[in-house]
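The values are calculated or read from the model by the stated rules, or taken from the named source; none is laboratory data. Computed from a prediction, not measured in an experiment: that's the story for all the values here. Because the Cβ atoms are built from the backbone with ideal geometry, glycine has one as well, and the counts that use them run over all protein chains shown. To get the accessible areas, we keep the full protein, side chains included, count just its heavy atoms, and leave off ligands, DNA and RNA. Shrake-Rupley method; radii C 1.70, N 1.55, O 1.52, S 1.80 Å.
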Amino acid sequence: MRQGTFILMFLLMSACASAQTDLLVFKKNGRTIQSWSSGSYIIFQMENRQWLEGFVRKVWRDSVRIDLVKLNRVINNWGFYSMDTARMGLIDLHVKELRALPRKNFSYNILSNGQLFKLGAIGYASLNIINNLSSKDPVFAPENASKLGIAGLVYLGGAILGSFHRTYWEVGKKYRFVIVPIAPPDPVQKPPLQ
């Protein structure tokens with residue numbers, strides 16, 4: 001009796017199980033950085049530079065179906081934070097429509113992104129101008145113009161440093177999205193033309 005129940009339970013569980021779908025993989029120079037399968041959470045940027053987030057529902061041949069959601073922290077009835085999910089529907093995307101991903105383990109450092117240099121240059125220049133105006137000295141006198149010029153160069157250096165400091169990986173020569181087939185091909189669907 002127990003063996004019959006066990007076999008029946010095994011057959012019911014295997015009938016309810018779903019097959020594994022393909023993988024969406026983000027690679028850098030052929031090395032996998034991150035991968036997603038059905039049920040995985042993804043944040044990405046589309047070709048129109050719009051950031052979206054959601055759960056991957058299906059990955060097949062060259063497309064991805066994503067259930068768009070927005071996760072927000074809200075205060076509940078007892079004054080504690082909880083997560084609220086706003087569902088926005090399904091969207092089917094071709095792999096080439098995915099443009100960028102936010103970096104994992106990204107540290108926002110004010111030294112490496114140039115913000116400290118820009119802030120220091122603005123503070124020094126404004127303090128210099130205020131001191132010259134309060135002492136009734138000319139602001140752009142030859143001895144003061146070099147100090148303001150150095151502050152301008154420091155600001156420009158911070159702006160250049162900030163332009164190289166990206167918070168996301170963009171698809172291009174190094175980075176790309178790839179669909180890795182795991183499930184056997186569906187006999188009903190025709191294989192893609194090469």
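Treating cross-link reach as a plain straight distance, find the lysines whose alpha-carbon is under 26 Å from the alpha-carbon of Lys136, omitting any fewer than eight places away in the same chain.
Straight-line reach from Lys136, under 26 Å: Lys147.
Multiplying the sequence separation of Trp60 and Phe140 by 0.36 nm and subtracting their Cα-Cα distance, what value in nm do you get?
Gain on stretching Trp60 to Phe140: 22.3 nm.
Which whole-number value in Å² is the accessible area per residue of the stretch 34-74, probe 1.4 Å?
Each residue of the stretch 34-74 exposes 52 Å² on average to a 1.4 Å probe.
Heavy atoms only, probe 1.4 Å: what % of the accessible area of the stretch 61-111 goes to carbon and sulfur, would you let me know?
Solvent-exposed carbon and sulfur of the stretch 61-111 make up 52 percent of the total.
Please calculate how many Å² of accessible area the stretch 103-165 carries per residue, with a 1.4 Å probe and no DNA, RNA or ligand atoms counted.
71
If the cut-off is 16 Å between C-alpha atoms, which aspartates and glutamates fall inside it for Lys96, apart from same-chain ones fewer than 8 positions away?
Those aspartates and glutamates meeting the cut-off are Glu47, Asp62, Glu170.
Hand me the trypsin sites (Lys or Arg not before Pro) from the stretch 22-102 located in a DSSP loop with no more than 12 other Cβ atoms within 10 Å, in residue order please.
The qualifying sites are Arg49.
Only sites in a loop by DSSP and with at most 10 other Cβ atoms within 10 Å count here; which chymotrypsin sites (Phe, Trp or Tyr not before Pro) in the stretch 40-88 make the cut?
Those that pass, being in a loop and sparsely packed, are Trp78, Phe80.
What is the percent carbon and sulfur in the accessible area of the stretch 126-168, measuring with a 1.4 Å probe over the protein chains and ignoring ligands?
70
If R0 is 22 Å, what FRET efficiency do you get for Arg103 and Arg176 from their C-beta distance, rounded to 0.05?
Calculated transfer efficiency: 0.90.
Using 0.36 nm per residue of separation minus the Cα-Cα distance, give me the extension gain between Ile7 and Asp84 in nm, one decimal.
Between Ile7 and Asp84, full extension yields an extra 23.6 nm.
Where the centre of each part is set by its Cα atoms, how far does the stretch 92-170 sit from the stretch 27-88, in angstrom?
Taking the Cα centre of each part, the stretch 92-170 and the stretch 27-88 sit 32 Å apart.
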